[in-house]
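Right, one structure below, let's go through it.
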Amino acid sequence: MTAVAEAAGVSKWYGEVLGLNAFTASFGTGITGLVGPNGAGKSTLFKLLIGQLHANQGTLRLFGENPWNNVPLMRRLGYCPEHNQLYGWLTGQRFVEALLRLDGMSTKKASTAATAALKVVGLSGAAHRPTRTYSRGMRQRAKLAQALAHDPDVLILDEPLSRSDPMARFQILRTISEFAKDGGHVIMSTHVLYEVERITQNIVLIHNGKAIASGDIHAIRALIDEHPHAVRIETSHPRQLAQALARMDHVVSLEVPSEDTLLIRTRKPDAFYKELPGIVADTRLDVRALESPDDSLEAVFRYLVG
């Protein structure tokens with residue numbers, strides 16, 4: 001497999017804090033998932049790949065080139081940061097246009113490209129609304145639109161599904177898949193392995209700044225499936241939703257830690273994610289956000305590094 005990005009012994013530290021620790025991995029063509037818990041070093045690696053940071057040690061290459069201070073290379077990539085720090089007073093259209101104009105695109109081309117990108121991510125109907133009125137999922141899609149708008153060769157996506165609602169997750173994953181089908185490459189980080197498996201079989205596991213496993217997703221999923229998988233749901237009716245989910249024979253436990261949160265543990269995450277949309281539709285209960293805590297991954301990481 002031809003490598004889109006390669007890291008060999010890459011280390012990055014911030015004072016006495018080690019962000020990456022002799023990280024060595026290869027990211028092939030198509031879609032690769034970078035999977036690890038919060039603080040594992042995913043964002044640090046991405047900032048090195050986009051040329052925002054410079055490695056203290058080791059060698060990093062993107063399309064065979066050093067990303068540091070490489071403007072032509074930067075124009076070949078689209079970057080979606082983790083945090084939703086949008087300019088709330090700008091509409092989705094103006095937000096994407098502004099970033100394209102900053103990169104040197106003409107006003108007319110920027111307008112056309114922004115419109116097309118927002119359509120791809122399913123935000124045409126909200127393109128002229130201020131981004132401060134967007135839901136979390138809509139903000140994630142707006143960030144994805146700006147990453148796509150200049151027609152890059154590779155997308156570097158830092159937790160693109162974080163705290164998104166189910167509809168936004170579906171749209172984001174579909175957009176990523178279509179981009180790859182058209183010949184693009186994607187490096188996508190997440191702390192939830194089950195989000196990645198919908199769109200790729202290739203993953204790299206990162207823990208404490210090191211790559212601890214890579215390759216086919218099925219072998220690593222087998223390790224994770226030995227442990228109960230935790231899912232946190234934001235809903236205004238957690239107890240009613242818990243009653244509906246209790247019928248699943250693979251659900252180990254149901255907790256209501258707050259008035260708008262339901263925590264589920266299941267032995268069969270694949271079955272849970274498949275059955276959940278139907279139960280939500282049948283009960284007509286709202287689900288505002290869906291995420292998986294790090295518990296299951298942490299168990300596997302402890303196994304791998306032990």
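Structural remarks
- Test result for SER106, under 25 Å from GLU178 (Cα atoms) and either of a type outside the set (A, V, I, L, M, F, W, C) or in contact with a Cys (Cβ under 8 Å, 6 or more places away or on another chain) (or both): no
- Top-ranked residue in region 187-222 [being part of a strand (DSSP E or B) and open to solvent by less than 20 Å² (accessible area, probe 1.4 Å); ranked as modelled with the lowest pLDDT]: THR190
- Failed item in (1) in a helix (DSSP H, G or I); (2) under 30 Å from ARG232 (Cα atoms); (3) among the small types (Gly, Ala, Ser), with SER162 passing the rest: (1)
- Within region 14-31, the set of residues being over 21 Å from MET188 (Cβ atoms) and either surrounded by fewer than 15 Cβ atoms within 10 Å (Cβ to Cβ) or of a type in the set (Ser, Thr, Tyr) (or both) comprises TYR14, GLY15, GLU16, VAL17.
- Only a single item in (1) among the aliphatic types (A, V, I, L, M); (2) under 18 Å from SER43 (Cβ atoms); (3) under 10 Å from the mean Cα position of the chain (by Cα) is not met by LEU173, and it is number (2).
- Scanning region 233-260 for residues being surrounded by fewer than 18 Cβ atoms within 10 Å (Cβ to Cβ) and closer than 20 Å to MET167 by Cβ gives a total of 4.
- Count of residues meeting criterion [open to solvent by 60 Å² or more (accessible area, probe 1.4 Å), closer than 25 Å to SER135 by Cβ and in contact with a Pro (Cβ under 9 Å, 6 or more places away or on another chain)] in region 261-295: 1
- The residues on offer are THR44, THR32, THR59, and the sole one that is under 20 Å from the mean Cα position of the chain (by Cα) and more than 15 Å from LYS210 (Cβ to Cβ) is THR32.
- For region 79-129, filtered to residues that are open to solvent by 80 Å² or more (accessible area, probe 1.4 Å) and outside any helix (DSSP H, G or I), the residue that is nearest to LEU157 (Cα to Cα) is HIS83.
- Filter pass, ALA230 being in contact with an Asp or Glu (Cβ under 9 Å, 6 or more places away or on another chain), assigned to a helix (DSSP H, G or I) and crowded, with 18+ Cβ neighbours inside 10 Å: no
- Take the conditions (1) in contact with a Ser or Thr (Cβ under 8 Å, 6 or more places away or on another chain); (2) aromatic (Phe, Trp, Tyr); (3) farther than 15 Å from MET138 by Cα; TRP68 misses just one of them, which is (1).
- Of the candidates LEU60, LEU34, LEU48, the single residue that is open to solvent by less than 60 Å² (accessible area, probe 1.4 Å) and not in a strand (DSSP E or B) is LEU48.
The values are calculated or read from the model by the stated rules, or taken from the named source; none is laboratory data. If you're wondering where the values come from, they're calculated on a predicted model, not measured in any experiment. Because the Cβ atoms are built from the backbone with ideal geometry, glycine has one as well, and the counts that use them run over all protein chains shown. Ligands, DNA and RNA are excluded from the accessible area calculation, which covers all protein heavy atoms including side chains. Shrake-Rupley method; radii C 1.70, N 1.55, O 1.52, S 1.80 Å.
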